[in-house]
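Undergrad: Handing you a structure now.
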Amino acid sequence: MVKRGLFSIALAAALIPFAQPAAAQNYKGTPKPTIQDYGPFANTTTKTNTTVQAEAAKSTTSAAAGKCGNPAGACLFYGGDFLDNPLGPPSLPNGLANETTLLTSGFPYGAATWVPFTVPAGETWDVTGLFTNNFASYGVLDQGSLPTAVAAWSINEEVFPGNAGVVVDSGTSAATSTPTGRANFGLTEYTVQVTGLSVTLTAGSYWLSVVPICTNAANPYCSGVFFLSDVEYINTTPANAIGPAEPLDASFLDSPYFGLSFNPTNGALGACGGSGCDAFSAGVLGKLAKK
């Protein structure tokens, strides 16, 4: 069983030892709940690290309505902010491996958490950027060559357990890594964001990945970790969510390093072992195409 020091591929408030799920093709799952199944909703406050919050305030602009990402841009979809919910079960806040580092190597990534989103019927999206919010040791992107700060990204459709589906567009692009102002698990959350994309999406179901890359052997920070922050629909709607609601229990973990091929993230047999990971904090930048 592959582990990295104190961390497993799934991270929770109490570290969860990773047990490899059953083969993806044998995964039966449970009926996907709706957001309403998790109510009633109430207002809660996200715990933040005040030092990180102050740092983020200096370097970012608060997202106005219709904007998401970090730095903020025109938003088509955002699943919402991570929440360590004081009203919910303490085992639920979590994160999942999303990285290519000196410790978690692989091509095109060491581990990627794939986040579902939907383009509504009758709409066409002009996508210009993608981002994921990740808890990280250092948040450093460095591949040791120009451009040094990069992330691997992809938009796929027709994804199902054990299968990557069809790649709509993908690449490795210059990226930014910016503190969000949130912290948990002894880690700081960073937005890893790629822009300058030009992808047209018609109505349908898609999955996105944005994977931080830190592979410079001369950089000790590249032995750090990145975990994609999850979003839990327990006692509250996701803070700052924008656009179509993120489909619940439809995310996947794909990892050459851990020997997993598009394993569902949710449920007792999922990559998070039943602790959270129903949805994740990620988003799509761009605008509706003109008709």
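The values are calculated or read from the model by the stated rules, or taken from the named source; none is laboratory data. Fair warning: this is a prediction, and the values are worked out from it, not measured in the lab. For neighbour counting, all protein chains shown are included, and Cβ atoms are generated from backbone atoms with ideal geometry for every residue, glycine included.
Undergrad: Looking at region 193-220 only, could you name the residues that are outside any loop (DSSP other than H, G, I, E, B) and within 19 Å of Thr104 (Cβ to Cβ)?
TA: Residues satisfying the conditions are Ser209, Val210, Val211, Pro212, Ile213, Cys214, Pro220.
Undergrad: Sort out which residues of region 272-290 are at pLDDT below 90 and touching a strand residue (DSSP E or B) at 6+ places or on another chain (Cβ under 8 Å), and write them in order of number.
TA: The answer is Cys272, Gly273, Ser275, Gly276, Cys277, Asp278.
Undergrad: So, in region 129-152, how many residues would count as being part of a strand (DSSP E or B) and either loosely packed, with under 15 Cβ neighbours inside 10 Å or over 19 Å from the mean Cα position of the chain (by Cα) (or both)?
TA: Adding up the residues that qualify gives 1.
Undergrad: Pairs needed: first member in region 54-81, hydroxyl-bearing (Ser, Thr, Tyr); second member anywhere, at pLDDT below 50 and crowded, with 23+ Cβ neighbours inside 10 Å; C-beta distance under 9 Å; at least 6 residues apart or different chains.
TA: Once the first residue is hydroxyl-bearing (Ser, Thr, Tyr) and sits in region 54-81, no partner that is at pLDDT below 50 and crowded, with 23+ Cβ neighbours inside 10 Å comes close enough.
Undergrad: When region 180-211 is examined, which residues are found to be at pLDDT 95 or above and of a type in the set (S, T, N, Q)?
TA: Listed by number, the residues that qualify are Thr180, Thr188, Thr191, Gln193, Thr195, Ser198, Thr200, Thr202, Ser205, Ser209.
Undergrad: Within the set of pairs 6+ apart or on separate chains, which have a first residue in region 183-199 that is without any contact (Cβ under 8 Å) to a residue 60 or more places away in the chain and closer than 19 Å to Ala112 by Cα, a second that is surrounded by fewer than 19 Cβ atoms within 10 Å (Cβ to Cβ) and of a type in the set (A, V, I, L, M), and C-beta atoms under 9 Å apart?
TA: Taking only residues 6 or more apart or on different chains, not a single pair turns up.
Undergrad: In region 246-264, which residues are farther than 18 Å from Asn156 by Cα and buried (at least 17 other Cβ atoms within 10 Å of the Cβ)?
TA: Tyr257, Phe258
Undergrad: I would also like to ask the following. Six or more apart or on different chains, Cβ under 6 Å: which pairs go from a residue in region 263-277 that's under 12 Å from Leu253 (Cβ atoms) to one that's among the acidic types (Asp, Glu)? Could you list them?
TA: That search, which allows pairs on different chains as well, returns Asn266/Asp249; Asn266/Asp278; Cys277/Asp230.
Undergrad: Are any residues in region 153-165 hydrophobic (A, V, I, L, M, F, W, C), closer than 18 Å to Val211 by Cα and assigned to a strand (DSSP E or B), and if so, which ones?
TA: Trp153, Ile155
Undergrad: Another question, then. Filter region 157-182 down to residues that are free of Cβ contacts under 8 Å to residues at least 60 places away in the same chain and closer than 20 Å to Leu260 by Cα and give me whichever is surrounded by the most Cβ atoms within 10 Å (Cβ to Cβ).
TA: Within region 157-182, the match that is surrounded by the most Cβ atoms within 10 Å (Cβ to Cβ) is Gly165.
Undergrad: Please enumerate the residues belonging to region 212-241 that are of a type in the set (A, V, I, L, M, F, W, C), modelled with pLDDT under 95 and either farther than 22 Å from Asn94 by Cβ or surrounded by fewer than 23 Cβ atoms within 10 Å (Cβ to Cβ) (or both).
TA: Answer for region 212-241, where residues must be of a type in the set (A, V, I, L, M, F, W, C), modelled with pLDDT under 95 and either farther than 22 Å from Asn94 by Cβ or surrounded by fewer than 23 Cβ atoms within 10 Å (Cβ to Cβ) (or both): Ile234, Ala239, Ala241.
Undergrad: Looking only at region 111-128, how many residues end up being crowded, with 24+ Cβ neighbours inside 10 Å and of a type outside the set (A, V, I, L, M)?
TA: 3
Undergrad: Oh, and also: Being of a type outside the set (Val, Ile, Thr), over 21 Å from Ala74 (Cβ atoms), touching a strand residue (DSSP E or B) at 6+ places or on another chain (Cβ under 6 Å) and part of a strand (DSSP E or B), is that true of even one residue in region 229-241?
TA: yes
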